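Notes follow the structure.
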Amino acid sequence: MKFSAAVLSAISVAVASASVIGQRDDNPVFKVTGFSGSCIEHSTQCSLEFSYQTANGNMPSPVRCSDLRNAKGTGMIADIPEWEGKCENSASWAFIRENTGFTIKITMPDSPASNTTGHATLPATDFVTRSNNVNTIEYYKGTPCFNLY
C-alpha cells in the first residue's frame, strides 16, 4: 500500500510539472511593435523594420531592428538568414519565407552562455503584391503588433 501511494504521489508531481512546462510555451517572450515590410517602388531593395521589447517588462523601452537588402526575384521580400538581421542592441533576428508565410525569430543574449529566443509565423495571406508601371512589389499588410513565443 505504501508503495502504491508513493508511486501515485510521484506520478501526480510529474503530471503537475508537465502542465507547468506546457504553459510556458503559451507565454510570449518578446512583443513586436511597428512591424513593416515592403519592397521599395522603383527600386530593387526591400526594407523590414520593427521594434521589440521583452514581454516580461525587463526592457524599459522598445529597441529598433531593421534591414535593407536586395529583393528576391522580382520585387519579393528576401529572406534574412539566422542571425543576420541587426538591432540597436545586441539582439539579432531572422526572417525566413516558408510555405505558410514568414517566420520571424529574435534572439537576445542573457549572458555569455545563454540566449532568449522567440519566434512567430506571419501568415502568407498577410503578404500581398502590388504592380505599378515599373515593377511589382511585395508588402506586409498584417497587424504591426504581435508576440513572439
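A short reminder: the numbers here are calculations on the coordinates, not readings from a lab. Just so it is clear, the model here is predicted, and its values are computed rather than measured. For neighbour counting, all protein chains shown are included, and Cβ atoms are generated from backbone atoms with ideal geometry for every residue, glycine included.
Of everything listed in (1) surrounded by fewer than 19 Cβ atoms within 10 Å (Cβ to Cβ); (2) under 17 Å from Phe127 (Cα atoms), the single unmet condition for Gly75 is (1).
Which members of region 90-120 meet the condition of being loosely packed, with under 14 Cβ neighbours inside 10 Å and of a type in the set (S, T, N, Q)? Across region 90-120, the qualifying residues are Ser90, Asn99, Thr100, Ser111, Ser114.
Being of a type in the set (Val, Ile, Thr) and either in contact (Cβ under 8 Å) with a residue 40 or more places away in the chain or out of contact with any Pro (no Cβ under 8 Å at 6 or more places or on another chain) (or both): is that true of Thr136 here?
Judged against the criteria, Thr136 is a match.
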